[in-house]
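Heads up: the structure comes next, in structure tokens.
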Amino acid sequence: MKRVILSVVAVVALAGAAVILRAQDAAKVDAKHYTVALENDQVRVLKVHYGPGEKSTMHSHPNTVAVFLTDAKGRFTFPDGKSEDFNAKAGDVISNDANVHLPENTGDKAFDVVVVELKGKPSAK
């Protein structure tokens, strides 16, 4: 019985790792929504635009700072299947640790965000 349980746990862990490994650069896998505005050795700046009801593909970001240019209503779905809804107002600024997610616009209006990806060493916690 222990072998069966361990086998199931191993398969689930490998499947989760495969999803994360497949998660790629947002600008490469979703050029419809992500445009590189500037890139240097310290940062990459992405312009992000989602129309009403539009959804991305699973992708990854390093540590980021996001500046909402418009109000936004959406959802992030993560590789483990969990999701998190968000509501932002124009001018809101948030920071996120590196992550893998699938964003979608759950609102009835388009939204725009500037995402600054930080290329430096991740901060220690």
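The values are calculated or read from the model by the stated rules, or taken from the named source; none is laboratory data. None of the values given here were measured: they were computed from a predicted structure. Neighbour counts are summed over all protein chains in view; Cβ atoms, including those assigned to glycine, are modelled from backbone coordinates with ideal geometry. Accessible surface is based on the protein model in full, side chains and every heavy atom, while ligands, DNA and RNA are left aside. Shrake-Rupley method; radii C 1.70, N 1.55, O 1.52, S 1.80 Å.
Within segment 103-115, the set of residues being surrounded by fewer than 18 Cβ atoms within 10 Å (Cβ to Cβ) and more than 17 Å from Pro52 (Cβ to Cβ) comprises just one member, Val114. Screening Glu84 on (1) within 20 Å of Val29 (Cα to Cα); (2) without any contact (Cβ under 8 Å) to a residue 12 or more places away in the chain; (3) part of a strand (DSSP E or B) shows it passes everything except condition (1). If the condition is being open to solvent by 50 Å² or more (accessible area, probe 1.4 Å) and assigned to a strand (DSSP E or B), then segment 47-63 contributes Lys47, His49, Lys55. When you scan segment 71-80, do you find a residue that is of a type in the set (Phe, Trp, Tyr), open to solvent by 40 Å² or more (accessible area, probe 1.4 Å) and touching a strand residue (DSSP E or B) at 6+ places or on another chain (Cβ under 8 Å), even just one? Within segment 71-80 (the criterion being of a type in the set (Phe, Trp, Tyr), open to solvent by 40 Å² or more (accessible area, probe 1.4 Å) and touching a strand residue (DSSP E or B) at 6+ places or on another chain (Cβ under 8 Å)), the answer is yes, since at least one residue qualifies.
Of the residues Leu21, Leu69, which single one is under 24 Å from Lys119 (Cα atoms), more than 12 Å from the chain's Cα centre (by Cα), at pLDDT below 95 and not acidic (Asp, Glu)?
Leu21
Filtering Asp108, Asp112 for residues that are touching a residue at least 40 places away in the same chain (Cβ under 8 Å) and part of a loop (DSSP other than H, G, I, E, B) leaves a single hit, Asp108.
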